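Asks: Handing you a structure now.
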Amino acid sequence: SKRRKTTKTAPSIEDMKGIQKMASSALLCTSPTASLQIPTLSLRTVQNKKPTTIEMPTIGLGTYKFKKGSGDASKAVQEALEVGYRHIDTAFVYGGEQTEKEIGSILCSLSSSSSPVLSSIQRSDIFLTSKQWRAYHGYEQTLDCLEKSLKRLQTDYLDLYLIHWPGPAYSTMNRKKETMANSSDGPFVYAKNGHQADEIQALRAETWRAMEDSLYEGKVRAIGVSNFTIKHLEALKKTARVWPPAVNQIELHPYMPQKALAEYCKSEGILVQCYASLGGQEHDSVKCDNMCQLLFCDYFQ
């Protein structure tokens, strides 16, 4: 018999909201019996100074924007682990430098949890990422930043350690766009001493050297970068002993595809890791509805 021909029509906004609601319900379910099964990807790294790979879960819980002292980070990490997440992404500076502490408290208490799911989780089951803050650019400074993160997280190693930003530390938080636009130094007009435009490339190289040594010493299992452009990566490549970086974590979604950067990373063997992958870091209901149209348009055509 002939296959019946069907016609698909584009979904309405209400259809999309229904899909969003079902997807959210699935991800937020806290039943231990509904554990997520998340596949992994191989990351390039070095062990005993020899090339190797490690596995990283393809989906992780980001902990950006949890308010300082709210306890929201602790709650989110605990619930995420219970439903099956095993990749937790944080940074030195998140939550007014308190988020790492909250995560560390949860990780340290897993074995004594009343939850059979949580109590069975070992440190080796969790893929833990943190990021070096740009105020700590430089060799000794980066080593110090890592030690502080390890102490806060109550662990003796990280699975992935990233340079959070390629840019400088600033002398003030009160940076004016007009001042930067009118200055020949651009944003570097506010750079702190030692972080000027003619110094930052060498400073990043020293940051990477510290991360390489931390990798060799086993304090981190893989190293990478975040928010790096092609220019930043090309400069880093000139002095790197460990190349390529395991990942470049960047904002990437249909509103910001960054195709040239993604292609460059692919050509260099750098895994592109996306943040704000559902359309950006700020909630916008119209933008969210449009995103659903973009995500599902192929299916409905």
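The values are calculated or read from the model by the stated rules, or taken from the named source; none is laboratory data. What you see is a predicted model; the values in this text were computed from it and never measured. Positions of Cβ are backbone-derived with ideal geometry, glycine not excepted, and every protein chain shown enters the neighbour counts. Remember, those area values only see protein heavy atoms, side chains included, never the ligands or the DNA or RNA. Shrake-Rupley method; radii C 1.70, N 1.55, O 1.52, S 1.80 Å.
Results for (1) among the aliphatic types (A, V, I, L, M); (2) out of contact with any helix residue (DSSP H, G or I) (no Cβ under 7 Å at 6 or more places or on another chain); (3) farther than 25 Å from H87 by Cα, shown as yes or no for each residue.
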residue: K192; (1), (2), (3): no, yes, yes
residue: L203; (1), (2), (3): yes, yes, yes
residue: E206; (1), (2), (3): no, no, yes
residue: V220; (1), (2), (3): yes, no, no
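Asks: Run S112 past the list (1) over 18 Å from the mean Cα position of the chain (by Cα); (2) touching a residue at least 60 places away in the same chain (Cβ under 8 Å); (3) open to solvent by 10 Å² or more (accessible area, probe 1.4 Å) and report the number of the one that doesn't hold.
Replies: It is condition (2) that S112 fails.
Quick grid of which residues meet (1) open to solvent by 30 Å² or more (accessible area, probe 1.4 Å); (2) not in a helix (DSSP H, G or I):
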| site | (1), (2) |
| --- | --- |
| G69 | yes, yes |
| A76 | no, no |
| E79 | yes, no |
| I88 | no, yes |
| F92 | no, yes |
| G95 | no, no |
| K101 | yes, no |
| I106 | no, no |
| L118 | no, no |
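Asks: Let me ask you something else. Do you know which residues across segment 162-178 are open to solvent by 50 Å² or more (accessible area, probe 1.4 Å) and either among the aromatic types (F, W, Y) or not in a loop (DSSP other than H, G, I, E, B) (or both)?
Replies: W165, Y170, K177, E178
Asks: Looking for whichever is among the acidic types (D, E) and closer than 18 Å to G167 by Cα here; the options are E268, E251, E212. Which one fits?
Replies: Within the list E268, E251, E212, the selection yields E251.
Asks: On to the next question. Suppose the filter is touching a residue at least 60 places away in the same chain (Cβ under 8 Å), open to solvent by 40 Å² or more (accessible area, probe 1.4 Å) and basic (K, R); does K49 pass it? Before the answer, list the steps.
Replies: Values: touching a residue at least 60 places away in the same chain (Cβ under 8 Å): yes; open to solvent by 40 Å² or more (accessible area, probe 1.4 Å): yes; basic (K, R): yes.
Yes: the conditions hold for K49.
Asks: Being surrounded by fewer than 22 Cβ atoms within 10 Å (Cβ to Cβ) and in a helix (DSSP H, G or I) is the filter here; which residues of segment 120-135 pass it?
Replies: R123, S124, D125, A135, listed by residue number.
Asks: Looking at (1) modelled with pLDDT under 95; (2) surrounded by fewer than 17 Cβ atoms within 10 Å (Cβ to Cβ), which is the only condition K237 fails?
Replies: Of everything listed in (1) modelled with pLDDT under 95; (2) surrounded by fewer than 17 Cβ atoms within 10 Å (Cβ to Cβ), K237 misses just condition (1).
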